[in-house]
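Visitor: Below are the structure tokens for one structure; questions will follow.
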Amino acid sequence: MYPSPPHRPASRLPCLLLLLAPACALAQTPAAGAAQAGLSFTPQFQVDQELTDNALLTNRDAISDRRTRYTATVNASDSGAQHTLALQAQVARESYARLKQESSNNFVLSANGEWLASGQFKMPFSLSATRSHSRRGVLDDPTMLGLTEVRNRNAMLGIDWKHTSPWQASLVLQQVALDSEDVQHQQGMPPTRDDQDRKQWDGSLRVGYQLAPPVLVYLKAVRTLINYVDPYDENLRQRNSHSNTVVLGLQGALLPTLTGQVEAGRASHRYLDPAFGHFGAPMATMGLSWQASERLAATLSLGRLFVETNLPGSPGANVRSAQLGMAWQALPALATTLSYGRNRYDAQGQPTLHAVQTMAQLGASYTVNRHASFKLNYARTVIDASVSAFSYRDKTTAFSLVLSY
């Protein structure tokens, strides 16, 4: 079977690169304007058309295709003196022009907000439920078909405390329940099922101290537990696991228009069954944000990750990441973005095992009025790996029309 291409951009690069994603993501500009008091509704409809020269992200027999996505969303928001609340319901349908056996349907229902208990305490919260159904198959072979059904429920509750003294703290508790079933159909054969139902608990504690008005030093600890409904895989190995992360960070303003953040720490992941191995990852990240003018902003992030494992014959990894982004408000109604990123993966002790991923993206959005806007985006992704199965090149051009009431 071909891999399913709906979620783009995707990567066949070893998943170790993904460990850097949260720490090295480009900083996002906050949405303009503060929350308005009172309940408000905003229906929205969006159509996305994407042209790609490698729909299946393969290193050979690349297939050009056109992806169409329809998204209908209803947003509701409310705010008051002590609370903010945002609700969203969304339905999306995605399909390909040539890969007709590839399609997906998604439904999202979410609520998030914040309650201000006092001048020192506030409690952010979020609830969400998602359901997705996707199908995939082999090009020009209707006898092969795969169906994936995923249901996800997420609940988060946080407590932020900021005292009049330099000390401040925040605690976040989160539970994720995932119901996932992957069904493979082949003509003349009984369907095969792979259930991945599990629950995940996350706890995060951050304690900070204000050294000076523009500088904050903090210590953050995260604990994660993952328990499967069926704790054993097909090989009767115990697959439940837990992980711990400890990070020491420093953030503040270097100049009136320049802010920075530095983090260093260590993450570890341990399975109950030693056959899966234990993993450790010392890491360090740095980020800079520069507001050159009211119209021009830039961000830079760098990251370094060392993955250690006790599995015999499995090398560790050295992962380096760099990303640069720029945003320019060319006209009141025209905004442009430019980004470039590079990740490099090197296996420890095996110099011939490596992979390099480069990503470049150029985007523009034009707001006609408060009811309509257009978006245009061009992206290019290249992965060069010593293992050819991980290599591919892909160029995509996407056009979006967004209608709001």
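The values are calculated or read from the model by the stated rules, or taken from the named source; none is laboratory data. Computed from a prediction, not measured in an experiment: that's the story for all the values here. Counting neighbours? That spans all protein chains shown, and the Cβs are built from the backbone with ideal geometry, glycine included. The protein model used for the area step is the full one, side chains on, heavy atoms only, and it has no ligands, DNA or RNA in it. Shrake-Rupley method; radii C 1.70, N 1.55, O 1.52, S 1.80 Å.
Visitor: With the condition kept exactly as written, say whether any residue in region 275-296 is part of a helix (DSSP H, G or I), within 30 Å of residue 352 (Cα to Cα) and open to solvent by 30 Å² or more (accessible area, probe 1.4 Å).
Guide: Within region 275-296, one or more residues are part of a helix (DSSP H, G or I), within 30 Å of residue 352 (Cα to Cα) and open to solvent by 30 Å² or more (accessible area, probe 1.4 Å).
Visitor: All but one of (1) out of contact with any strand residue (DSSP E or B) (no Cβ under 6 Å at 6 or more places or on another chain); (2) modelled with pLDDT under 90 hold for residue 64; which doesn't?
Guide: Single failed check for residue 64: (2).
Visitor: List, please: which pairs have Cβ atoms under 8 Å, are six or more places apart or on different chains, and start with a residue in region 355-380 that is over 20 Å from residue 329 (Cα atoms) and surrounded by fewer than 17 Cβ atoms within 10 Å (Cβ to Cβ) and end with one that is at pLDDT below 95 and among the aromatic types (Phe, Trp, Tyr)?
Guide: Qualifying pairs under 8 Å: none.
Visitor: Consider residue 219 carefully, then state whether it is in contact with a strand residue (DSSP E or B) (Cβ under 8 Å, 6 or more places away or on another chain), more than 23 Å from residue 202 (Cβ to Cβ), modelled with pLDDT of 95 or more and assigned to a strand (DSSP E or B). Don't jump to the end; show me each part of the working.
Guide: Values: in contact with a strand residue (DSSP E or B) (Cβ under 8 Å, 6 or more places away or on another chain): yes; more than 23 Å from residue 202 (Cβ to Cβ): no; modelled with pLDDT of 95 or more: yes; assigned to a strand (DSSP E or B): yes.
No, not satisfied.
Visitor: Here's another thing I want to ask about it. Given the condition out of contact with any strand residue (DSSP E or B) (no Cβ under 6 Å at 6 or more places or on another chain), exposed (fewer than 14 other Cβ atoms within 10 Å of the Cβ) and not in a strand (DSSP E or B), answer yes or no: does some residue in region 223-231 qualify?
Guide: yes
Visitor: Only one of (1) assigned to a loop (DSSP other than H, G, I, E, B); (2) modelled with pLDDT of 90 or more; (3) among the hydrophobic types (A, V, I, L, M, F, W, C) fails for residue 89. Which number is that?
Guide: (1)
Visitor: Select from region 232-267 the residues that are within 21 Å of residue 291 (Cα to Cα) and in a loop (DSSP other than H, G, I, E, B) and write down the one among them that is most open to solvent (accessible area, probe 1.4 Å).
Guide: 256
Visitor: For region 381-398, how many residues are surrounded by 15 or more Cβ atoms within 10 Å (Cβ to Cβ) and of a type in the set (Gly, Ala, Ser)?
Guide: Looking only at that region, the number is 4.
Visitor: For region 86-102, which residues satisfy the criterion of being more than 22 Å from the chain's Cα centre (by Cα), touching a residue at least 12 places away in the same chain (Cβ under 8 Å) and open to solvent by 60 Å² or more (accessible area, probe 1.4 Å)?
Guide: Residue satisfying the conditions is 98 alone.
Visitor: Any residue in region 25-40 that is crowded, with 17+ Cβ neighbours inside 10 Å and modelled with pLDDT of 85 or more?
Guide: No.
Visitor: Quick one: which of 298, 275, 264, 284 is touching a Pro at 6+ places or on another chain (Cβ under 9 Å) and without any contact (Cβ under 8 Å) to a residue 40 or more places away in the chain?
Guide: 264
Visitor: Can you pull out every residue in region 300-345 that is under 21 Å from the mean Cα position of the chain (by Cα), of a type in the set (Ser, Thr, Tyr) and either open to solvent by 60 Å² or more (accessible area, probe 1.4 Å) or closer than 21 Å to residue 288 by Cα (or both)?
Guide: If the condition is that a residue be under 21 Å from the mean Cα position of the chain (by Cα), of a type in the set (Ser, Thr, Tyr) and either open to solvent by 60 Å² or more (accessible area, probe 1.4 Å) or closer than 21 Å to residue 288 by Cα (or both), then 301, 321, 337, 339, 340 are the ones that fit.
Visitor: Sticking with this one: Do we have residue 149 as open to solvent by less than 50 Å² (accessible area, probe 1.4 Å), touching a residue at least 60 places away in the same chain (Cβ under 8 Å) and within 24 Å of residue 178 (Cβ to Cβ) here?
Guide: no
Visitor: Inside region 249-288, can you point out the residues that are at pLDDT below 90 and among the acidic types (Asp, Glu)?
Guide: Residue satisfying the conditions is 273 alone.
Visitor: Which condition breaks for residue 114 when tested against (1) within 24 Å of the chain's Cα centre (by Cα); (2) at pLDDT below 85?
Guide: Unmet for residue 114, out of (1) within 24 Å of the chain's Cα centre (by Cα); (2) at pLDDT below 85: (2).
Visitor: Filter region 146-166 down to residues that are of a type in the set (S, T, N, Q) and closer than 13 Å to residue 128 by Cβ, then give me how many there are.
Guide: 2
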